[in-house]
Amino acid sequence: MVSENDTSWLPPLVHLEDFGGNWERYVSKVYAYFYEDFVRSRPTFSGTPCRIDSRREKDGRESTFWHLISEGSTEPERRPDLRRCERIRWIRPMIEAASCNCVKWWKNHRKGQKRIVIAIEDFSYVVVLAERRNYVLLWTAYCVEHLRRRQQLEKEYEAWKTTGAA
């Protein structure tokens, strides 16, 4: 079992500074990691294939990629989020770690849809998958900034663990 704030089992963060602050070079590298992890090959979540929605593209890159590295409620309002970009390499290992004690995961319903939430030990970063019939769909991943929200996620996890309800 890892300690509560231990992310040493995850790949290192990808920092904009490592690219001299050049956004184009940086986003190209971030995309290369995404492409390797989700397009060229695919992870599995507890034996279930994980897919992305690759139907729509923006600037030659899948819409899932843009959603993973930006924040905001609607497409015109979404803006790149460096913290999301930095953690692009964490998503696949977190999905694949569902069978070990490195992450906490549970099922819930959001907006009438079945979801799987995967969190690192302190609930400061989560990956969300959407359940489908024969696969899971990578929905989003983000940093949980506020302590209160982390506590809510932990309560949700504990409640699901107790009841096992999906």
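The values are calculated or read from the model by the stated rules, or taken from the named source; none is laboratory data. Keep in mind that what you see is a predicted model, and the values were worked out from it rather than measured. Ideal geometry is used to build each Cβ from the backbone, glycine not excepted, and the neighbour counts take in all protein chains shown. Only protein heavy atoms, including side chains, enter the accessible area calculation; ligands, DNA and RNA are left aside. Shrake-Rupley method; radii C 1.70, N 1.55, O 1.52, S 1.80 Å.
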Original post:
Using modelled amide H (1.01 Å from N, peptide plane; none on Pro or chain starts), what sits under 5 Å from the amide H of Asp81, excluding residues fewer than 5 places away?
Top reply: Ser70, Glu71
Original post:
So for the pair Leu147, Lys114, with labels modelled 7 Å out along Cα→Cβ, what separation do we get in nm?
Top reply: 3.7 nm
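Sorted by accessible area (1.4 Å probe), largest first, how do Glu156, Glu36 line up?
On the way: Glu156 55, Glu36 85 Å².
If we order Glu156, Glu36 from most to least accessible, we get Glu36, Glu156.
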Original post:
Given the Cα-Cα distance of Leu13 and Arg42 and 0.36 nm per residue of separation, how much length would full extension add, in nm?
Top reply: 8.4 nm
Original post:
Residue-wise, which Karplus ³J(HN,Hα) couplings in Hz belong to region 30-43, taking 6.51 cos²θ - 1.76 cosθ + 1.60, θ = phi - 60°, and x for glycine or proline?
Top reply: 4, 5, 4, 5, 4, 4, 4, 7, 10, 10, 5, 9, 10, x
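State in Å² the accessible area per residue of region 1-74; use a 1.4 Å probe, count heavy atoms of protein chains only, and round to the nearest integer.
60 Å²
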**OP:** Any chance you could check the Cα centroid distance between region 13-40 and region 92-166 for me, in angstrom?
**Re:** 25 Å
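Loop only by DSSP, 15 or fewer other Cβ within 10 Å of the Cβ. Give me the trypsin sites (Lys or Arg not before Pro) in region 131-166 that pass, ordered by residue number. Walk me through the numbers on the way to the answer.
Details: sites: Arg132, Arg133, Arg148, Arg149, Arg150, Lys155, Lys161; in loops: Arg132, Arg133.
The qualifying sites are Arg132, Arg133.
Around Lys107, what is the net charge, scoring Lys/Arg as +1 and Asp/Glu as -1 over all other residues with Cβ under 9 Å from its Cβ? Please report the intermediate quantities before stating the final value.
Values: positive: Lys114, Arg115; negative: Glu131.
Overall, the nearby charge balance is +1.
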Original post:
chymotrypsin sites (Phe, Trp or Tyr not before Pro) within region 81-110: which are DSSP loop residues with at most 15 other Cβ atoms inside 10 Å?
Top reply: none
Subject >> Sulfur and carbon atoms: percent of accessible area, the chain [1.4 Å] >> reply: 46 percent
Original post:
If you average the sequence gap of Cα pairs under 8 Å that are 6 or more apart and divide by the length of region 92-162, what percent do you get for the contact order?
Top reply: 23 percent
Original post:
Dividing the convex hull volume of the Cα atoms of region 26-77 by its residue count, what figure in Å³ per residue is obtained?
Top reply: 103 Å³
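Relative contact order of region 1-129, please, whole-number percent, based on alpha carbon pairs below 8 angstrom and at least 6 residues apart. Spell out each step's value before the answer.
Working: 158 pairs, mean separation 32.4, N = 129.
25 percent.
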